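These notes are about the structure you will find just below.
The values are calculated or read from the model by the stated rules, or taken from the named source; none is laboratory data. What you see is a predicted model, and the numbers here were worked out from it, not measured in a lab. Glycine gets a Cβ as well: all are built from the backbone with ideal geometry, and neighbour counts include every protein chain shown. For accessibility, only protein heavy atoms count, side chains too; no ligands or nucleic acids. Shrake-Rupley method; radii C 1.70, N 1.55, O 1.52, S 1.80 Å.
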Amino acid sequence: MFEVYIHVPFCLRRCGYCDFNTYTATDLGAGASRGNYANMVIREMKLTKQWQLDHGIEEPPVSTVFFGGGTPTILAARDLVAMLDAVRKIWSIAPDAEITTEANPDTVNEYCINELAAGGFTRVSFGMQSAVPHVLKTLDRTHTPANVAAGVNAANKAGLRSSVDLIYGAPGESLDDWRTSVTTAIDLGVNHISAYALTVEPTTKMGRQIAAGTLPKPNDDDEAAKYEIADDLFAAAGLEWYEVSNWARPGYESQHNLGYWRNVDWAGLGPGAHSHYNAVTEADHPQSASLTAPAGGGCPADAGLGVVSVSHGLRSWDIAHPRLWGTAINENRVPWADSETITPEENLEELIMLGLRLHEGLDLDRINRAINDAGMSSTPQTLRNVSLDQLAPMVSEGLITVSDNHRVVPTRRGRLLNDSVIEQFFDFVGV
């Protein structure tokens, strides 16, 4: 599978808890302005496609496209459609592809939604966050609950699938407030809901308010109780958990996010976006084998790798600041800040971390094959296969279940203690 993620870094207002790569200015220089942004991303697509060709990477038609941010719908719908059309022209898109845009509820209307649907979008993910006005105010959100309902109704009329995102654990949010948000989201009739615990970074406005004592710090026990409330209410409404923070009716899971958790290939476009490739060819000459960006960021689009010797995984990330990102594109360079090789050991760690977040579970046989592959690498290590006997205590503690086909699935308790479950697996494996 091959996916495309497009980051739109613009927002009308920066929320107090947000530490994403977003900006409120309309023009950030070097062509990275709201009005010209689609053109810049399309140029990056062409540079990325050329880089793939130069490095022997042949991807299948795109299975999902996801516009995230920031606020993608701060751009004109025609600009989002233009970028989607470019993906179709440059890579081709599978007939049944999932095409999603995130949307702040106060930046879309029925006309915008209809234009997106006509342009090939299939899904809208609304940033609802809460249905309680005082919680929305604490989160610095500008929309109202009525905006969310209007957006979902417009999407339904246009034949688009809808999802809503919720955040729990905001300062001052009671358990009853959270129940109100969850039941309101369910009553919208959407088939997919994400619910994330509030994470506060010290450099954000909210982080500074908490440090100054003007807002209370989120409480782990409170967040655990809210997770259990959501899980119960979602289940009663027919929404099944398929990832620790995501619930859907069967068949309505986010295919794009499942791709991330299943470690497929994806190209990330836009300032700060990350890309991931499972197999990239190395050259036989050291100066090209690292595949890292030159000083100042950016990779020449025509950088060849010479004779192939081995293949490995690769992770790269775009230059974060839009002006510097735009400068690299204007100089005909893939706008990477840097990249890194994914070693067999790191791939093993990622398989464990991602698999233990999913309802489909961690394939124990696949993990043991990955352990054997990592053991054949040149890096000294003490990796060990995982046996069913080793997992018995975790089953007894109610953290996991193990199916007959050796899939390890976290229980609700295991989801709440997911970091601990992952750490125990790391100990078993020796990473």
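Miscellaneous remarks
- Any hit, the range 335-348, residues being at pLDDT below 95 and open to solvent by 60 Å² or more (accessible area, probe 1.4 Å): yes
- Those residues of the range 119-161 which are among the small types (Gly, Ala, Ser), touching a Leu at 6+ places or on another chain (Cβ under 7 Å) and in a helix (DSSP H, G or I), in sequence order: Ala149
- Condition met for Trp178 (buried (at least 17 other Cβ atoms within 10 Å of the Cβ), at pLDDT 95 or above and either under 25 Å from Ser63 (Cβ atoms) or not assigned by the TED database to the domain that holds Tyr196 (or both)): no
- Flag for Gly151 being open to solvent by less than 20 Å² (accessible area, probe 1.4 Å), among the small types (Gly, Ala, Ser) and touching an Asp or Glu at 6+ places or on another chain (Cβ under 8 Å): no
- Residue list for the range 413-431, filter: open to solvent by less than 70 Å² (accessible area, probe 1.4 Å) and part of a helix (DSSP H, G or I): Gly414, Arg415, Leu416, Asn418, Ser420, Val421, Ile422, Gln424, Phe425, Phe426, Phe428, Val429
- When Thr100, Thr138 are checked against the criterion of being touching a strand residue (DSSP E or B) at 6+ places or on another chain (Cβ under 9 Å) and crowded, with 19+ Cβ neighbours inside 10 Å, Thr100 stands alone in meeting it.
- Residues of the range 62-106 that turn out to be under 20 Å from the mean Cα position of the chain (by Cα) and not in a helix (DSSP H, G or I), as a count: 19
- For the range 27-54, the set of residues classified as among the polar types (S, T, N, Q) and either more than 28 Å from Lys89 (Cα to Cα) or out of contact with any strand residue (DSSP E or B) (no Cβ under 7 Å at 6 or more places or on another chain) (or both) consists of Asn36, Asn39, Gln50, Gln52, listed by residue number.
- Selection status of Val132, open to solvent by less than 10 Å² (accessible area, probe 1.4 Å) and in contact (Cβ under 8 Å) with a residue 24 or more places away in the chain: no
- Residue among Val182, Val164 that alone is outside any loop (DSSP other than H, G, I, E, B), within 20 Å of Thr101 (Cβ to Cβ) and either over 23 Å from the mean Cα position of the chain (by Cα) or not acidic (Asp, Glu) (or both): Val164
- For the range 399-414, the set of residues classified as modelled with pLDDT of 95 or more and out of contact with any Leu (no Cβ under 9 Å at 6 or more places or on another chain) consists of Thr401, Arg412, listed by residue number.
- Residue in the range 41-51 that is surrounded by fewer than 22 Cβ atoms within 10 Å (Cβ to Cβ), in contact with a helix residue (DSSP H, G or I) (Cβ under 7 Å, 6 or more places away or on another chain) and in a strand (DSSP E or B) present: no
- Among the residues listed as Ala328, Ala370, Ala320, the single one being part of a helix (DSSP H, G or I), modelled with pLDDT of 95 or more and of a type in the set (A, V, I, L, M, F, W, C): Ala328
- Residue match in the range 26-37 (condition: within 22 Å of the chain's Cα centre (by Cα), modelled with pLDDT of 95 or more, in the same structural domain as Gln209 (by the TED database) and more than 30 Å from Arg208 (Cα to Cα)): yes
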